[in-house]
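Throughout, read-outs are computed from the coordinates displayed, never taken from laboratory work. Predicted, not measured: the structure shown is a model, and the values here were computed from it. Here Cβ is always computed from backbone atoms with ideal geometry, including for glycine, and neighbour counts include all displayed protein chains.
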Amino acid sequence: MTAPQNELDAFRAEVSAWLKENRPADPGFLLPQSFMEVGSDEQLDFLREWQFKVWSAGYLGLAWPKEYGGGGMDPAFQSVADQEMRRAGVPICFNVIGLGWAGPLINEIGTEAEKARYLKGILTGEDIWCQGFSEPDHGSDLGNAQTRAVRDGDSYVVNGTKIWTTMGNYAKYMILLARTDPAAERKYDGLSFFLAPMTVPGVEARPIRKLTGEFGFTETFFTDARIPADCLMGGEGDGWKIAMKTLQYERGAEAGAAGGLAFVRIVLDDLVDGLAEVRRDGAPVLEDPLVRDQLVRLAMEEKAIALGDKRAAIAPLTTDYPFSLPLSHKLRWTEYTRRMRQFAINAQGADGARYVGDEEALAGGFWQRAYLNSFSATIGGGTSQVQANIIAEHVLGLPK
């Protein structure tokens, strides 16, 4: 049952007032546009302090159990807090893999000991989490993961390599998919899922410089890394099932995230405002009929995505293709975002080639950086091509 509207309205006013009073000042250095660009100690320290402040005020993890650091409240309150954070344009809550994937998973299927051990540290930002799914030779083909975990007494010995492990160089824990039974008849049955420590000997995370010149991703190497056997989640061979549940959270098809902003949300209104001073052939670019036509098309698409998300919560409106909207959200939103940001660059003409650091770049190169950063979202959680296959097979019923 949803919380009474008068309580939600009062809570909204409270959150709005708190954000207005506590919004952090410009730190004087470039802040990440998403959790996938946290690449320096000063960025991490700033964002960790901010997340702790949001949690301490009671606006993060509102629907998580009280005994593990949450608020024990109706999820509608967290939705209100998130909306107000977006509206205020405050910094992100950086520990997204913990807040949005590992945490909800532990909340749903974890033991009481796992909840007590991990959940509060996720909320406070003390314990950073990363993800060990993709591998250099297998990409999004998780079923072929080759990282090995061999049981040896009270430990598992792990060997292999994971890639695109966001914030792996800062993480305390990793949600790790590893092969415990290479002889299993079905490759999926040989995989197991671990809540693995990153601080044990034999684990090395090497930062990867991205197209933007920033960091955030790492390649993680396991060399005879010994992790406690109680890091295993579920039983041996349950890894594929648990990984698929985790991906439901990552792709936005499953609720349970702690909340907070995972990225700087850029919408069409921001684009229109950003192009207000741009001129083409002596006239404002926003007066160009072709530009206006393209903006209308983008506006229609953005509105359709927003309405689709609302429709997804109303079961009678989704009986034709159940789960079609949640399963397709990640593909629809990330591809729209990429095209919208590309349009922002194209509309600048030759000035679209300028970048961060160029004094003449529009908004300090904000749109160029945003466009290049948008590609990480089209890859993380499964590439757009993989997402299209998922929709074809699990929504439309097409063959593999």
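Listed values, structure above:
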| read-out | value |
| --- | --- |
| Aspartates and glutamates with Cα under 12 Å of K210, excluding same-chain neighbours fewer than 8 positions away | E37 |
| Exposure proxy order (Cβ contacts within 10 Å, fewest to most) of V296, V203, V157, V96 | V296, V157, V203, V96 |
| Residues with amide H under 5 Å from that of R280, placed H, sequence gap 5 or more | V285 |
| Folded to 0 to 90 degrees: helix 239-250 orientation relative to the chain principal axis, Cα | 20 |
| In range of the label at R339: residues from region 286-323 whose backbone nitrogen is under 20 Å from the point 7 Å along Cα→Cβ | 289-310 |
| Equivalent ellipsoid dimensions for region 110-240 as semi-axes, Å, which come from the Cα gyration tensor, largest first | 22, 19, 13 |
| Summed side-chain charge close to F193 - residues other than F193 whose Cβ falls under 9 Å, Lys, Arg +1, Asp, Glu -1 | 0 |
| Per residue Cα convex hull volume in Å³ - calculated over the chain | 160 |
| C-alpha long axis of helix 289-312 to longest principal axis of the chain, angle in ° | 40 |
| Links that overshoot a 27 Å alpha carbon limit, given the list K53/K245; K120/K187; K20/K172; K162/K241 | K53/K245; K120/K187; K20/K172 |
| Rounded tilt (10° steps) of 5-22 against the dominant C-alpha axis of the chain | 80 |
| T166, T319 arranged by Cβ crowding within 10 Å, fewest neighbours leading | T319, T166 |
| Percent of Cα pairs exceeding the 22 Å cut-off, where the set is region 200-307 | 66 |
